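Here the structure is laid out as structure tokens; the discussion comes afterwards.
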Amino acid sequence: MSYLDRLERWQASRRGLMRKAAQAVGLVGLAALHAALSGCDLEEEAPAAPPAAPEPAPAVERGGAAVEGTVARAEEAAQLYVCGVCGHVYDPAVGDPDRGIEPGTPFADLPDDWRCPRCSSPKARFSPQS
């Protein structure tokens, strides 16, 4: 196989890989632009339809009031809190296993007598990390 034949096969393989990668992330138009700028002859394919947006969680009735199962609760559960005395960061994803606080416990659900593991400051000395 000659050098030119190998070069042509390599370029064709490269175009195919680029097309597959672009399709995987929905960038067929970008792949076509690159092909046009680089001199490749990439045939234009119809872009795949974007995935449908997820449905919001349905409202749940609790005590007569509708409570939305929304992103707000998830954001609250993931909010980091910083000790104003020593700078310790409480991460709900980690919890405080040394004091029996399970991973996934939001700051608001910590017991009132919970204290900073580093400097023993009360829960009131913590503030949300911005």
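The values are calculated or read from the model by the stated rules, or taken from the named source; none is laboratory data. Given the structure is predicted, the values throughout are model-derived calculations rather than measurements. We place every Cβ from the backbone using ideal geometry, glycine too, and count neighbours over all the protein chains shown. In case anyone asks, the SASA skips ligands and DNA or RNA and just uses the protein heavy atoms, side chains included. Shrake-Rupley method; radii C 1.70, N 1.55, O 1.52, S 1.80 Å.
When region 85-105 is filtered for residues that are under 23 Å from the mean Cα position of the chain (by Cα) and surrounded by fewer than 16 Cβ atoms within 10 Å (Cβ to Cβ), the ones remaining, listed by number, are Val89, Asp91, Ala93, Val94, Glu102, Pro103, Gly104.
Please specify each residue of region 106-124 satisfying the condition of being in a loop (DSSP other than H, G, I, E, B) and open to solvent by less than 40 Å² (accessible area, probe 1.4 Å). The answer is Pro106, Leu110, Trp114, Cys116, Ser121.
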